[in-house]
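Colleague: Below you will find the structure I want to go over with you.
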Amino acid sequence: MANTSSAKKAVRKIARRTAVNRSRRSQLRTYVRKVEEAIATGDAAVAASALQSVVPIVMRAAQHGIIHKNTASRKVSRLTARVKALSA
């Protein structure tokens, strides 16, 4: 249990940040899932448009510290390769 007032404030701040981060991570996973489902159906046009919407969300998550920047780049790269292979 937090003893000092600064520690109590830190606990409140951490709780707020955790809620925001959880929401952003959930949004990230949802958009990535949409791309993967579009790839699974085999529709290249839908997959390409879903990929266009997911790239800024993934990179923004990296900027906010939700995921590491290398992880974000890897996710985008792999999804892009899969969408490109689908259309080829």
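Colleague: Can you report the number of residues in the stretch 56-88 which are in a helix (DSSP H, G or I) and closer than 18 Å to ASP43 by Cα?
Modeller: The total comes to 10.
Colleague: Could I ask something else about it? Can you pull out every residue in the stretch 68-88 that is surrounded by 11 or more Cβ atoms within 10 Å (Cβ to Cβ) and without any contact (Cβ under 8 Å) to a residue 40 or more places away in the chain?
Modeller: Across the stretch 68-88, the qualifying residues are HIS68, LYS69, THR71, ALA72, SER73, ARG74, VAL76, THR80, LYS84.
Colleague: Considering the stretch 1-33 alone, what residues qualify as being polar (S, T, N, Q) and either more than 30 Å from VAL76 (Cα to Cα) or loosely packed, with under 12 Cβ neighbours inside 10 Å (or both)? Reasoning before the result, please.
Modeller: At the first step, the residues of the stretch 1-33 found to be polar (S, T, N, Q) are 3-6, 18, 21, 23, 26-27, 30.
Within the stretch 1-33, ASN3, THR4, SER5, SER6, THR18, SER23, SER26, THR30 qualify.
Colleague: Can you name every residue in the stretch 30-55 that is outside any helix (DSSP H, G or I) and among the charged types (D, E, K, R)?
Modeller: Residue satisfying the conditions is ASP43 alone.
Bear in mind these aren't lab numbers, they're just calculated from the coordinates by the rules spelled out. Keep in mind the model is a prediction, meaning the values are calculated, not measured. Cβ atoms come from the backbone with ideal geometry, glycine included; neighbour counts cover every protein chain shown.
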